[in-house]
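The values are calculated or read from the model by the stated rules, or taken from the named source; none is laboratory data. Just so we're clear, the structure is a prediction, and the values are computed from it rather than from any experiment. Every residue, glycine among them, receives a Cβ derived from its backbone with ideal geometry; neighbour counts consider all protein chains shown.
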């Protein structure tokens, strides 16, 4: 097995099923996306990763939609195809409109541009920012 | 001149001063940070970059604070020291609390982690996300 | 020709064939993967790249499997699809088990996360690390 | 507070102290490095991050030194200054010699090079790797 | 709509058509590539991005082919599949030969390698470079 | 020794001195910059890296200044501080003017922006580019 293998619900162990159930309950969906099926090859990683995400993405000082858009912004910056597809869908589900996506993308693009201008011109941090 | 050189307001051309003035007026500050002073070496780049940022960061479908936090999330992902310092300060000024920063950082960290898990396990995009 | 073109063994020059032969002999395989066929468009690059890799990946202070896993960790971090597929296969061939892959992926994911936390919180290097 | 702030042991809450104690006990050291002091601003992130790292870096299918070197390889690829300094020190402590570091760096450099050659030449994944 | 949607010329607004017309006239082509059709979902982003690129890629102190090769070098470094395909084609059209592409790729690969060696060995900037 | 250590000419072995001499002769300088002094800790890496760079950066289908600017563009994209400083200096020495640097930086910034827009909008490669 050189490539990926997905663990489907029906073939999963009780331990993995319990996590799959929690994912579906938390997200109010009736299916599991491939990311979790791939992680399920290693139940310990599945458990740790899901529990971290569940804690991090829960409502808090930031609204869930804002968190999801930040997640998407990072995925776009890293150019992770799977992550862009899945987190665009997740943000849509949480209420991201076309106009919000367009603005998010504009900010992400601009930030990636000015990050290089700042580094390339070797700009020193202003005392006011320290 | 192998390194950076900053254009200070008092030595700037009228064209550059006009942009510096607009930056200060738009941001309601009385000083110009080093990024713009470095870009001012090339007035055309200064003008284009400022006008793009002014347009992109204006209130729209997303609130200015949300845009600023997305900008910061990208800068952290790219590990741009100058940009992290300046956009953390900008987000603070727009109302980012300690709790919001902590949640932003947690999301950015997690997204950078799962971006690699998705790519590393060669996970295929679910039909539901297409 | 805007895209890639692969040089097959049977159409290759004597110079390229000699390198292809060395690759197969060193790796104890009877086929050449696409990466080398693409590089063969420029025999000088093919030669330099192969000789560097041959030298670097040979047994030394680090075991070949450890080197291969480091190669994979970098490829996952850079999210290079081709490289992830080829170096996962190569590491498998050298003895990487499912458990080892799962641990490697967990470390890579965690490192990508904490790299951003360290940068994002602008953490200064401890004197003890200097 | 636009920049970082470190939570020192003596000013930490009982909850944070307990984690600091566990870090020192697990790593057999008598001091806490700045990364953890910065994370301690958000006790929940501190706890989650430490527990994840503790689990991931424990001996398993891969030896602790191998894991530490993979961590370092990722940090070098991402060019995270703090992380390179801290994980070089950690790997040294676990037994990484000068020769091992030199080989690790050579592999990391080469992987970063060939990742771009594979992507740049738009090389398709061989059927044998699927 | 979770994924992309392309705006074709015949369904475009007058505002978008005017930009499409300018892109074709400037580039002396009779078709629009998918990148612009995707951006056209947000006419403001389309306009701003096209005007910036038009200004930046025009002949100046650097020849258009040199600019196009720098664009390609960045795209290869970021491993952006779409961008590598489109900018390789654009550079070909402007005169990039097989030999030039091979040399560009060699430089990009080497730079990505030595960037990590410099960072990994924590090399300090020489006074002569400041 | 957790951090860097530089090998100075006077303490170098005959093997390392020969390479240092070749670097200075090829570049027509009378000093060695820190990058090479750091690599000299591992003479084999020093030799391999120098010979590769010497071959790659020699005049060919691309002029040395163009190659140097491509090297700089990659270093800016990767935000490698040392590399930006050293390759800006090298490009200056080969004739890069202020205007050329400004145009290079504008292209690098724009490419980093549009790379994310193309990935973020999940744009498919046009048939014409294949």
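The figures follow:
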read-out	value
Every residue from the stretch E:95-114 that is away from chain C (no Cβ under 12 Å) and under 14 Å from residue D:113 (Cβ atoms)	E:111, E:114
Positions within the stretch A:57-80 being within 7 Å of another protein chain (Cβ to nearest Cβ) and surrounded by fewer than 20 Cβ atoms within 10 Å (Cβ to Cβ), in sequence order	A:60, A:61
Qualifying residue in the stretch F:88-110 (condition: buried (at least 24 other Cβ atoms within 10 Å of the Cβ), over 20 Å from residue E:64 (Cβ atoms) and within 10 Å of the chain's Cα centre (by Cα))	yes
Flag for residue A:98 being out of contact with any helix residue (DSSP H, G or I) (no Cβ under 7 Å at 6 or more places or on another chain) and at pLDDT 95 or above	yes
All positions within the stretch C:115-130 that are within 10 Å of chain A (Cβ to nearest Cβ) and crowded, with 22+ Cβ neighbours inside 10 Å	C:116
Per-region count, the stretch E:19-45, residues over 29 Å from residue C:81 (Cβ atoms) and surrounded by 20 or more Cβ atoms within 10 Å (Cβ to Cβ)	2
Unmet requirement for residue B:96, which otherwise passes all of (1) in contact (Cβ under 8 Å) with a residue 12 or more places away in the chain; (2) in a helix (DSSP H, G or I)	(2)
Flag for residue E:85 being in a helix (DSSP H, G or I), without any contact (Cβ under 8 Å) to a residue 60 or more places away in the chain, over 11 Å from the mean Cα position of the chain (by Cα) and surrounded by fewer than 24 Cβ atoms within 10 Å (Cβ to Cβ)	no
